[in-house]
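Derivation of every value follows stated rules applied to the coordinates shown; laboratory data play no part. Remember, predicted model here, so these are calculated numbers, not experimental data. Glycine also receives a Cβ, built like all others from the backbone with ideal geometry; neighbour counts cover every protein chain displayed.
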């Protein structure tokens, strides 16, 4: 197939074939990072703008590295140092960036749907790097890429997602992507952190961590987003770790080769123990590495759909 979307906004709207196409493209780009000179000319002469309205380390740096390995020019804009502080609207900011002849905007925003609004109002490509509690498509893609790399498949896998489901855009994107590729997803959290009617997304729900880990091929551990606890609805940190933390003791009762994942940043001793995070079942750092290849693939494909690539997919090698 060929990629036809100028934007990547959510996994909910992608087909199984489109997700698989991104993953296969990422496979070819991963090899670039093993070279002595870690660059290809696929986006030479193009400009990628990272527009971040929320703090980020991994995602922003990963997109920056990905763009530079594609030979694009990169500009980083943080809202606290931009004209947003002077009252400029999101659409006006986007149109000004477009007028500067940028080619792709990678945006993180604290409001759900912000990336879609920007994409509808611009001719250039928009990549969603996380919008509110809605979706974080590239994080889910790199999670799925890592699972497939480690276990050889996605179809038929049992994947547990444990933690702050209610506030997690990562959980939502993973659920959409894993379901489309044939995995079975279980979500586990305290009752106050399980969204109402999440079963409609095609997941199994449990409040018992032992039940979630039973027969799981992989567990994706979510960060507890205490900064969003405006009504003190969250459990206490030590209480949460006692009841839901991924510890070595709990892991010993799961499948021997269970994969442990985390989108970061890690709150050690709250959602996961250091022993597990740094242990043999953990692929957390491999997720970070794979994020570069996945984001290279996404940037390349959306640019290609907009007719902005200098070379075709064969030239990347």
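A compact globular protein would have a Cα radius of gyration near 2.2 N^0.38 Å; the ratio found for the range 3-50 is 1.40. Averaging the sequence gap over all C-alpha pairs within less than 8 Å and six or more residues apart, then dividing by the number of residues, gives the range 80-141 a relative contact order of 29 percent.
Computed over the Cα atoms of the chain, the ratio of the radius of gyration to the Kirkwood radius (Rg/Rh) comes to 0.97. When the chain is treated as a Gaussian network with alpha carbon springs shorter than 10 Å, the biggest mean-square fluctuation among 77, 161, 104 belongs to 77. Above 25 Å lies some portion of the pair distances; for the range 1-159, what is it as a whole percent of all C-alpha pairs? For the range 1-159, the share of Cα pairs beyond 25 Å comes to 32 percent. Please say if the range 151-291 is rounded, prolate or oblate, where rounded means a/c under 1.5 for a ≥ b ≥ c the square roots of the C-alpha gyration tensor eigenvalues, and otherwise the choice is prolate for a/b larger than b/c and oblate otherwise? Rounded, since a/c falls under 1.5. Against the chain, whose longest principal axis is taken from its Cα atoms, helix 284-305 shows a tilt of about 40°.
Across all directions, the shadow cast by the convex hull of the range 82-230 built on its C-alpha atoms averages 10.6 square nanometres. Residues 6, 101 in ascending order of nearby Cβ atoms (within 10 Å, fewest first): 101, 6. What number, in nm² with one decimal, is the all-direction average of the projected area of the convex hull of the alpha-carbon atoms of the range 125-197? Hull-based average projected area comes out at 5.4 nm². If you line up the long axis of helix 137-151 against the longest principal axis of the chain, both from Cα atoms, how many degrees apart are they, to the nearest 10? For 137-151 against the chain, the angle is about 60 degrees.
All Cα-Cα distances of the range 27-76, cut into 10 Å bins from zero to the largest, leave 26, 50, 23, 2 percent in each bin in turn.
For helix 16-30, what angle does its Cα long axis make with the longest principal axis of the chain, in degrees from 0 to 90 and rounded to 10? Roughly 80 degrees, rounded to the nearest 10. Indicate the gyration tensor shape class of the range 129-169 (rounded, prolate or oblate), computed on the Cα atoms with a ≥ b ≥ c the square roots of the eigenvalues: a/c under 1.5 is rounded; otherwise a/b larger than b/c is prolate and the rest oblate. Because a/c hits 1.5 or more and a/b fails to exceed b/c, the range 129-169 counts as oblate. Contact order, relative form, for the chain: 23 percent (alpha carbon pairs under 8 Å, 6 or more residues apart, mean separation divided by residue count).
Per residue, the average separation of C-alpha pairs within less than 8 Å and at least 6 apart gives the range 20-140 a relative contact order of 23 percent.
Calculated mean residue ellipticity at 222 nm for the chain: -11000 deg cm²/dmol, from DSSP H runs with n ≥ 4 weighted as -39500 (n - 2.57), summed, divided by the residue count and rounded to 500.
Once R0 is set to 45 Å, what does the formula 1/(1 + (r/R0)^6) return for the Cβ-Cβ distance between residue 120 and residue 35, expressed as a FRET efficiency to the nearest 0.05? The formula returns an efficiency of 0.75 here.
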